[in-house]
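Participant: First, the structure itself, so that you have it in front of you.
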């Protein structure tokens, strides 16, 4: 996930999701042992992590503190393995029929917590544009 001042995702020239920050652009990958419970845990973590700019008292804030938006985009390539050879393998990535409901569950759980969430389009050839605020990128695993 990246702290952003703005982010958008387009498919075939059409903007399918966009946020104005401060907020988070979240790239979600699913692997074989992920579950809906892990998706819910990830949503809670994303909503409450104090990663956004500090308030007047100098305390970093979370999306829940600010009502900050999140742009959630599926990205199976997060589980690419390029340790051998010249071409990555995707063996650790969950197949689409397993991964898509898990990504959808992250989004549903965030919305249930009160988050404003925009999304990409699962399986589409997406173009992601963002302004990283920092730069600030954190790997979150649950």
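The values are calculated or read from the model by the stated rules, or taken from the named source; none is laboratory data. Treat the numbers as computed from the prediction; the structure is a model and nothing was measured. Using ideal geometry, Cβ is built from the backbone for each residue, glycine included, and neighbour counts are taken over all protein chains shown.
Participant: Any residue in the stretch 63-74 that is at pLDDT 95 or above, touching a helix residue (DSSP H, G or I) at 6+ places or on another chain (Cβ under 8 Å), surrounded by fewer than 20 Cβ atoms within 10 Å (Cβ to Cβ) and over 25 Å from residue 126 (Cα atoms)?
Facilitator: yes
Participant: Might you check whether a residue that is touching a residue at least 12 places away in the same chain (Cβ under 8 Å) and within 13 Å of the chain's Cα centre (by Cα) occurs anywhere in the stretch 88-103?
Facilitator: Within the stretch 88-103, one or more residues are touching a residue at least 12 places away in the same chain (Cβ under 8 Å) and within 13 Å of the chain's Cα centre (by Cα).
Participant: Of all the residues that make up the stretch 10-24, how many are in a strand (DSSP E or B) and farther than 23 Å from residue 44 by Cα?
Facilitator: Counting residues in the stretch 10-24 that are in a strand (DSSP E or B) and farther than 23 Å from residue 44 by Cα gives 5.
Participant: Residue under question is residue 92, and the condition is that it be surrounded by 12 or more Cβ atoms within 10 Å (Cβ to Cβ) and over 25 Å from residue 15 (Cβ atoms); does it hold?
Facilitator: For residue 92, the condition - surrounded by 12 or more Cβ atoms within 10 Å (Cβ to Cβ) and over 25 Å from residue 15 (Cβ atoms) - is met.
Participant: Related question: Is it the case, given these coordinates, that residue 134 is under 20 Å from residue 21 (Cα atoms) and surrounded by fewer than 15 Cβ atoms within 10 Å (Cβ to Cβ)?
Facilitator: Against the criterion (under 20 Å from residue 21 (Cα atoms) and surrounded by fewer than 15 Cβ atoms within 10 Å (Cβ to Cβ)), residue 134 qualifies.
Participant: Looking only at the stretch 109-127, how many residues end up being surrounded by 15 or more Cβ atoms within 10 Å (Cβ to Cβ) and in contact with a helix residue (DSSP H, G or I) (Cβ under 8 Å, 6 or more places away or on another chain)?
Facilitator: Selection size over the stretch 109-127: 7.
Participant: What number goes with the only condition from (1) surrounded by fewer than 20 Cβ atoms within 10 Å (Cβ to Cβ); (2) at pLDDT 95 or above; (3) in contact with a strand residue (DSSP E or B) (Cβ under 8 Å, 6 or more places away or on another chain); (4) farther than 16 Å from residue 137 by Cβ that residue 27 does not pass?
Facilitator: It is condition (4) that residue 27 fails.
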